[in-house]
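The values are calculated or read from the model by the stated rules, or taken from the named source; none is laboratory data. Everything numeric in this text was worked out from a predicted model, so none of it was measured. No Cβ is skipped: glycine too gets one built from the backbone with ideal geometry, and neighbour counts run over all protein chains shown.
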Amino acid sequence: MIIELNPMILFVVLFLLLMLGFPVAFTLGGISLFFGYLTFGMDFFNLLPLRVWGVMNNYVMLAVPLFVYMGVMLEKSGLAEELLETMALIFGKVKGGLALSVIIVGMLLAASTGIVGATVVTMGLLSLPTMLKRGYSPELSTGAIVASGTLGQIIPPSIVLVLLGSVMNVPVGDLFVGAIIPGFSLFFLYLIFVAVFAWVRPKSAPPMPAEMMARFTGKAKWIKIGKAFVPPFFLMVAVLGTIFTGIASPTEAAAVGALGATIMTLAQKKLDLPTLRSVMRETTLLTSMVFIILIGATAFGLVFRGMGGDHYLSDLILSSDMEPHHFLWIVMVIVFIAGFFIDFIEICFIIVPVVAPIFIHMGVDLTWLAILLAVNLQTSFLTPPFGFALFYLKGVAPPSVTTNHIYKGIIPFILIQLFVLFLVIEFPWLATGLIDWLN
């Protein structure tokens, strides 16, 4: 028996079940099977396998496990530790130098790995105790670590951009190019904020002691800098350079990055069978999580469209004579608020496929829209109560660092992210100008 239902009931039921604590992936799949049967009857079980196969057969999505492998392997290589130690010595004489070092290393790791969890945990373990010991305020220390750790969501190679490119049918290479200006704008604004904070409150961000800096001189200084910076720079050129020059597709470049990360770990004498086994296990776990949610979201989208949900929303928006700019702001607000409660993967696969056809009908540039969504989704890692970067840092922070310290510390960085989002909305060339210039 086929029943006609209002398509918005899907979102109501989904929201209620998520608030009750059910897992996202299985909630999406369960709702889809139930309402799919009510809407299509037994024919739904003939349609779904074809739809899932189409998604799993997507060549672009192969970049996800490869980029995850690259990030996890680099975490095991000890490269982050070397970078942090070297940057701390380079900026040691500057007020706020340790915080500046954390942000620069976060950017370098973002451009090398794109794995937020690995970056935040690594920097939390290595730099947070040192910053607190040197007299840094807990708010500045934790804010700098989690904010710089999330740069991997916007600075390419970014898994968020790969997922958005697949969902919105936009070339991932264009998204990598378009994200450069917004991503590095965030990076420089973070640096400016820390420098101003250290100037206004020097006791909360003191320089390193002179006796420590005395050891960092001469030929040994330049050897240490070279050993720390050459490997990540090589990896950035190998991955992003091959994409931007057209030598390789993003998926092929991800394979280059995975190989490069393995060679670097081998060069650091950290590659052995237990390490390889650990990297494979973590890669499989993270990749499986992404794809299970993707399958659930695909089934959800099939049912939503089968119930006429896309036409229902389009008619609702278009009949209101809403300007594209106004609808864009509404979507940005919805995505920002959703980031308080659900992960960026769920937002990519639940909200984006619903609103993308409406934006296409309105004639909005999808590349620009994808960059806006990526900047907005980055805030989901920092916004309480479910900001994952906050959980990662709290898990490795000393007992003296409270949740309240972390929440206070991220406020200025969230405001900076929203400011960059506003700039990219008002000045689209920040996202598309570099693409046009290269083309």
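Here are a few things to note about the model shown:
- Odd one out for ALA370 among (1) farther than 30 Å from VAL303 by Cα; (2) buried (at least 21 other Cβ atoms within 10 Å of the Cβ); (3) small (Gly, Ala, Ser): (1)
- The numbered conditions (1) closer than 19 Å to VAL172 by Cα; (2) surrounded by fewer than 20 Cβ atoms within 10 Å (Cβ to Cβ); (3) in contact with a Phe, Trp or Tyr (Cβ under 7 Å, 6 or more places away or on another chain) are all true for GLY241 except (3).
- Of all residues in segment 221-261, those that are aliphatic (A, V, I, L, M) and free of Cβ contacts under 8 Å to residues at least 24 places away in the same chain total 8.
- Counted residues, segment 244-263 - those being more than 16 Å from MET70 (Cα to Cα) and in a helix (DSSP H, G or I): 1
- Selection count where residues are in contact with a Phe, Trp or Tyr (Cβ under 9 Å, 6 or more places away or on another chain), aliphatic (A, V, I, L, M) and under 19 Å from PHE388 (Cβ atoms), scope segment 155-185: 6
- Elements of type helices (runs of 4 or more DSSP H) contained in segment 349-439, each with 1 or more residues being modelled with pLDDT of 85 or more and closer than 30 Å to VAL55 by Cβ: 352-362, 366-378, 403-426, 429-438
- Looking across segment 81-97, the residues that are assigned to a helix (DSSP H, G or I) and touching a Pro at 6+ places or on another chain (Cβ under 9 Å) come down to GLU82, LEU83, GLY97.
- Residue check, LEU266 without any contact (Cβ under 8 Å) to a residue 60 or more places away in the chain, out of contact with any strand residue (DSSP E or B) (no Cβ under 8 Å at 6 or more places or on another chain), within 17 Å of VAL68 (Cβ to Cβ) and in a helix (DSSP H, G or I): no
- Segment 273-305 - residue that is under 14 Å from MET70 (Cβ atoms) and β-branched (Val, Ile, Thr) and, of those, farthest from the chain's Cα centre (by Cα): VAL279
- Those residues of segment 320-342 which are more than 19 Å from TRP368 (Cα to Cα) and either surrounded by fewer than 19 Cβ atoms within 10 Å (Cβ to Cβ) or of a type in the set (A, V, I, L, M, F, W, C) (or both), in sequence order: SER320, ASP321, MET322, ILE337, ALA338, PHE340, PHE341, ILE342
- Residue count for segment 191-233, restricted to those that are at pLDDT 80 or above and assigned to a helix (DSSP H, G or I): 12.
- Some residue of segment 402-422 being of a type in the set (Phe, Trp, Tyr) and farther than 21 Å from GLY178 by Cα: yes
- Any chance THR122 is at pLDDT below 80 and buried (at least 24 other Cβ atoms within 10 Å of the Cβ): yes
- LEU10 being more than 25 Å from PHE184 (Cβ to Cβ), in contact with a helix residue (DSSP H, G or I) (Cβ under 8 Å, 6 or more places away or on another chain), in a helix (DSSP H, G or I) and in contact (Cβ under 8 Å) with a residue 12 or more places away in the chain: yes
- Of the criteria (1) under 21 Å from the mean Cα position of the chain (by Cα); (2) surrounded by fewer than 24 Cβ atoms within 10 Å (Cβ to Cβ); (3) not aromatic (Phe, Trp, Tyr), which one GLY143 fails: (2)
- Test result for TYR69, crowded, with 16+ Cβ neighbours inside 10 Å, free of Cβ contacts under 8 Å to residues at least 24 places away in the same chain and at negative phi: no
- Residues considered: GLY41, GLY106, GLY78. Of these, the only one that is surrounded by fewer than 19 Cβ atoms within 10 Å (Cβ to Cβ), within 30 Å of LYS133 (Cβ to Cβ) and not charged (D, E, K, R) is GLY78.
- Matching residues in segment 166-176 - criterion: being crowded, with 24+ Cβ neighbours inside 10 Å and within 18 Å of VAL424 (Cα to Cα): LEU175, PHE176
- So ALA397, is it touching a residue at least 40 places away in the same chain (Cβ under 8 Å), more than 26 Å from LEU191 (Cα to Cα), small (Gly, Ala, Ser) and buried (at least 19 other Cβ atoms within 10 Å of the Cβ): no
- Qualifying residue in segment 374-386 (condition: crowded, with 17+ Cβ neighbours inside 10 Å, over 29 Å from PRO23 (Cα atoms) and β-branched (Val, Ile, Thr)): no
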